[in-house]
Amino acid sequence: MRSIGLLIELKNGQVKDTNFGMATAVHAQDREIVALMVDTSVDTAKSSLETHGVTRIINIKTGCSGWNPSLQADAVAAAMEAFAIDSLVGLTSPTGRELLPRIAAKLDAPLIMDCLAIDPEARRVKTSQYSGKTIATITLNGNHFIYGLRPNAVPAVKQPANADIVDFEWAATPEDGYQVIETRMEEGGGQFLAEADIIISGGRGMKSGENFSLLDDCARHMGAAIGASRVAVDNGWVPYAMQVGQTGVKVNPKVYIAVGISGSIQHFAGMKTAKTIIAINTDENAAIMANCDYYVVGDLFEILPELEKALARAVS
Amino acid sequence: MNIYVCVKHVPDSAATITIEGPNTINEKITFLVNPYDEHAITEAARIKALKTDTQVVAVCLGKAAAENSLRSAMAMGADRAILIETDKPADSILTARALAAAILADGEPWIIFTGKESIDSEGMQTQFRLAANLGLPVATNVVKLDVEEKTVTVECERDPGTIDVLRMAVPAVLAAGKGLNTPNYPTFPDIVKSRKKPVKKITLDELDIKTPAAGMRIDTLEPAVESRNPKPLSGSAAEIAERIVDILKNEAKVI
């Protein structure tokens, strides 16, 4: 049977929801979907992967611990060779941006990142180019095929299956001249903004850094990450790590709530792929009001406290 | 030992992209140095000062017009440039082979810089392929660089606020991220001086690269359509808040 590999990412020991969209994107009756997992505990992941159509889990063990993208990419490429998997799908996430190009470079295989749709049969994908202004259809040619799916581009559909677990022991030889010394968390970091399902962002209308606590209050109830426009960052209200846009983070959430953000072209370049955009602004002529799904003409300082109360009731 | 900086000549992010052929755009728009490459050039000029007898060489694969971006790179601090000319579209597999061949033919690399991605094709991979072709270590989205005698310590922003600290042997390929520095925007005298700096022009065919067995071909381009239909939410602040919660819960199903 034809098979396709999925490079699975965990968050806090659980399979991140965005992974299941990969399984849905490549699902076909006569295709074996193989989850590749590197140095993780596969047992806790098994049932959620089975729910989404995974029929085999390859448990790659390198004997090393910690983050080392060079070594992990080598291990995944070796597993692909060992199990004759010619196609691999991963996420265009921070982890995927490190691993997928390393795997592709190692196998000298074509790779398209940030795919909106994948046809593994035709080896054809759709992806955005020119800061999201065009959609390109690209055909891959070669012996191996690597795809980076945009998180949340394909909604996950449940597809029950049974998966067997196969261990793959791989003796790691760390790359010469490449050593990860440490990973450090900075202010505003650790939110996983690029992969968040819900983002609430503040802009010029927030008026100060302290006022971002209003966003924080709402975010806490809905498990949202907090973003910012360039103005808020340039004014020193919040750290650069929170900037969404052309020169900040590009995000693909299910819901993006823009609070006091006018919606410049540069900001849109970072969040236009959000499924639902809700804008709150006092200026009904702000660019974002014409390019969203729902807009509120109103004062954020009145609406946010009410939103916090309503969210608290809804999730309690 | 030279510092090489790979640059790409790309449409201005503010330019209107008009699709002309099935897979081509109207190129009568402003093109400039890929913004991430500007950070790479600036960093190269900074570390050049730390070593004697080091030149900064900007390298570009592109059409004849790409010379303009090489001139900009020289105005920003590169000493000379190499233009690998081709009119054919080049994917990142071919581009990385061409850059590697041109660098090896030119001299001995100390550090090779690229940008972390280009803003036109957004492939995010040429730096990795270049490093693999040369057998060198690679780091991407580099936001801090310290150079020592035989190693470099680099900080890479993996996720916003999550920094990986790496130690790498040189030569190494480093892909610049936005946080690395503030680009050296050239002054008028810099621009005048850059006109006298040499650009070596070679053709892609002259590099005699074996045609890659693998590739990525753009079949078609189409404009991305914005299909949003904005609907107002009105009422009192409390009513609006309830409506937003309803959208989150029942429509987007995220809470």
Those residues of region A:151-174 which are closer than 21 Å to A:A105 by Cβ and within 13 Å of another protein chain (Cβ to nearest Cβ), in sequence order: A:P174
Considering only region A:276-316, state which residues are closer than 26 Å to A:T18 by Cα and either at the interface with chain B (Cβ under 7 Å from one of its Cβ atoms) or at pLDDT 95 or above (or both). A:T276, A:I277, A:I278, A:A279, A:N291, A:C292, A:D293, A:Y294, A:L311, A:A312, A:A314, A:V315
Conditions first: (1) surrounded by fewer than 24 Cβ atoms within 10 Å (Cβ to Cβ); (2) more than 7 Å from chain B (Cβ to nearest Cβ); (3) farther than 21 Å from B:A15 by Cα. A:I257 passes all but one, so which condition is the exception? (1)
Can you list residue pairs whose Cβ atoms sit under 8 Å apart, with the first residue in region A:10-33 being in contact (Cβ under 8 Å) with a residue 40 or more places away in the chain and the second being of a type in the set (A, V, I, L, M) and surrounded by fewer than 18 Cβ atoms within 10 Å (Cβ to Cβ)? Count only pairs 6 or more apart in sequence or on different chains. A:K16/A:L10; A:T24/A:V157; A:A25/A:A117; A:H27/A:V157; A:R31/A:M1; A:I33/A:A161
How many of the residues making up region B:150-169 are closer than 24 Å to A:Q191 by Cα and assigned to a loop (DSSP other than H, G, I, E, B)? 2
Which numbered condition A:S93 fails, given (1) at pLDDT 95 or above; (2) in contact with a Phe, Trp or Tyr (Cβ under 9 Å, 6 or more places away or on another chain): (1)
Take region B:148-166 and flag every residue that is at pLDDT 95 or above, under 21 Å from B:A49 (Cα atoms) and surrounded by fewer than 19 Cβ atoms within 10 Å (Cβ to Cβ). B:T151, B:T153
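So which of A:D114, A:D119 is under 23 Å from the mean Cα position of the chain (by Cα), facing another protein chain (nearest Cβ under 7 Å) and under 23 Å from A:V54 (Cα atoms)?
The unique qualifying residue is A:D114.
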Which residues, taken from region A:258-316, are of a type in the set (F, W, Y) and outside any helix (DSSP H, G or I)? A:Y294, A:Y295
With the structure loaded, tell me whether A:T127 is outside any helix (DSSP H, G or I), farther than 21 Å from A:G270 by Cβ and at pLDDT 95 or above or whether it fails that test. no
In region A:1-13, which residue that is outside any strand (DSSP E or B) and not polar (S, T, N, Q) is nearest to A:I60 (Cα to Cα)? A:I8
Within region B:1-26, track down each residue that is under 15 Å from B:S118 (Cβ atoms) and either without any contact (Cβ under 8 Å) to a residue 24 or more places away in the chain or in a loop (DSSP other than H, G, I, E, B) (or both). B:V7, B:K8, B:D12, B:S13, B:A15, B:I17
Would you check which residues across region A:285-301 are of a type outside the set (A, V, I, L, M, F, W, C) and free of Cβ contacts under 8 Å to residues at least 24 places away in the same chain and list them? A:N285, A:D293, A:Y294, A:Y295, A:G298, A:D299
Going through (1) more than 8 Å from every other protein chain (Cβ to nearest Cβ); (2) touching a Cys at 6+ places or on another chain (Cβ under 6 Å) one by one, B:L204 fails only at (2)
Of all residues in region A:56-92 being under 20 Å from the mean Cα position of the chain (by Cα) and of a type in the set (V, I, T), which is farthest from A:D108 (Cα to Cα)? A:T92
Strands (runs of 3 or more DSSP E) within region B:30-142 that include 2 or more residues surrounded by fewer than 19 Cβ atoms within 10 Å (Cβ to Cβ): B:80-85
Could you list, in sequence order, all residues of region A:207-234 that are without any contact (Cβ under 8 Å) to a residue 24 or more places away in the chain and either farther than 25 Å from B:V245 by Cα or among the hydrophobic types (A, V, I, L, M, F, W, C) (or both)? A:A219, A:V233, A:D234
Of the residues B:R228, B:R167, only one is at the interface with chain A (Cβ under 7 Å from one of its Cβ atoms), of a type in the set (D, E, K, R), out of contact with any strand residue (DSSP E or B) (no Cβ under 6 Å at 6 or more places or on another chain) and over 27 Å from B:D87 (Cβ atoms); which? B:R228
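Take A:V238 and decide whether it is under 30 Å from B:K116 (Cβ atoms), more than 8 Å from chain B (Cβ to nearest Cβ) and touching a helix residue (DSSP H, G or I) at 6+ places or on another chain (Cβ under 7 Å).
The answer is yes for A:V238.
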The condition of being in contact with a helix residue (DSSP H, G or I) (Cβ under 7 Å, 6 or more places away or on another chain), more than 10 Å from every other protein chain (Cβ to nearest Cβ) and within 19 Å of B:D37 (Cα to Cα) holds, among B:I112, B:I103, B:I93, only for B:I112
Can you find even one residue in region A:46-61 that is within 14 Å of chain B (Cβ to nearest Cβ), surrounded by fewer than 24 Cβ atoms within 10 Å (Cβ to Cβ) and of a type outside the set (A, V, I, L, M)? no
Pairs only if they're at least six apart or on different chains, beta carbon under 9 angstrom, first in region B:193-206 and farther than 13 Å from B:D87 by Cα, second surrounded by fewer than 16 Cβ atoms within 10 Å (Cβ to Cβ) and hydrophobic (A, V, I, L, M, F, W, C); list them, first residue then second. B:K201/B:A64
Based on this model, can you work out whether A:G66 counts as out of contact with any helix residue (DSSP H, G or I) (no Cβ under 9 Å at 6 or more places or on another chain) and crowded, with 20+ Cβ neighbours inside 10 Å? no
Could you list, in sequence order, the residues of region A:290-307 that are buried (at least 21 other Cβ atoms within 10 Å of the Cβ) and closer than 22 Å to A:K207 by Cα? A:Y295, A:V296, A:L300, A:I303, A:L304, A:L307
Confirm whether B:I119 is at pLDDT 95 or above and of a type in the set (A, V, I, L, M, F, W, C). no
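The values are calculated or read from the model by the stated rules, or taken from the named source; none is laboratory data. Predicted, not measured: the structure shown is a model, and the values here were computed from it. Note that we place each Cβ from the backbone using ideal geometry, even for glycine, and neighbour counts take in every protein chain shown.
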